[in-house]
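The values are calculated or read from the model by the stated rules, or taken from the named source; none is laboratory data. Computed from a predicted structure; not experimentally measured. Side chains are part of the model used for accessible areas, which takes the heavy atoms of the whole protein and leaves out ligands, DNA and RNA. Shrake-Rupley method; radii C 1.70, N 1.55, O 1.52, S 1.80 Å.
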Amino acid sequence: MSDAIALAGTTVNSLSVDLDITHTFQGDNDIDVTSPAAITVRLWDGFGGGADDIVGNFPLDFDVATTGDGVSSLADFSGEDPNGVWTLDITDTFPGSDGGTLNM
């Protein structure tokens, strides 16, 4: 599942991502953000086990390196031109996917 948004501005100096995903097994999901310059950062890396849903804000400060909990830093976007289409990709990695919904 993918969603895209067009942004405009001068340079990226901070970024946050609010997620509201309905899914019966958090651990099935990988979530990536891709910039117009084709830089991809992983926000969610199949952790969370059998808990339901993924809801929250991911500020991921630029000075924070990759954490041990499966969340990456957004430092690669720092200074980038934000103009263009940014894409959020959600992949259910479990064979025979049980599906989910990106709530807007």
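Across the chain, Cα pairs under 8 Å and at least six residues apart give a relative contact order of 43 percent. What is the chain by shape, rounded, prolate or oblate, if you read a ≥ b ≥ c off the alpha carbon gyration tensor as root eigenvalues and call it rounded for a/c under 1.5, prolate for a/b larger than b/c, and oblate otherwise? Prolate is the answer for the chain, as a/c is 1.5 or above and a/b outweighs b/c.
Amide H contacts for Gly84 (H built 1.01 Å from N in the peptide plane; partners 5 or more residues away or on another chain; cut-off under 5 Å): Leu7. Counting only protein heavy atoms and a 1.4 Å probe, the chain has 54 square angstrom of accessible area per residue. Ligands, DNA and RNA left out, the 1.4 Å accessible surface of the chain is 53% carbon and sulfur atoms.
Close amide H partners of Val17, meaning residues 5 or more places away or on another chain with modelled amide H under 5 Å apart, are Phe58.
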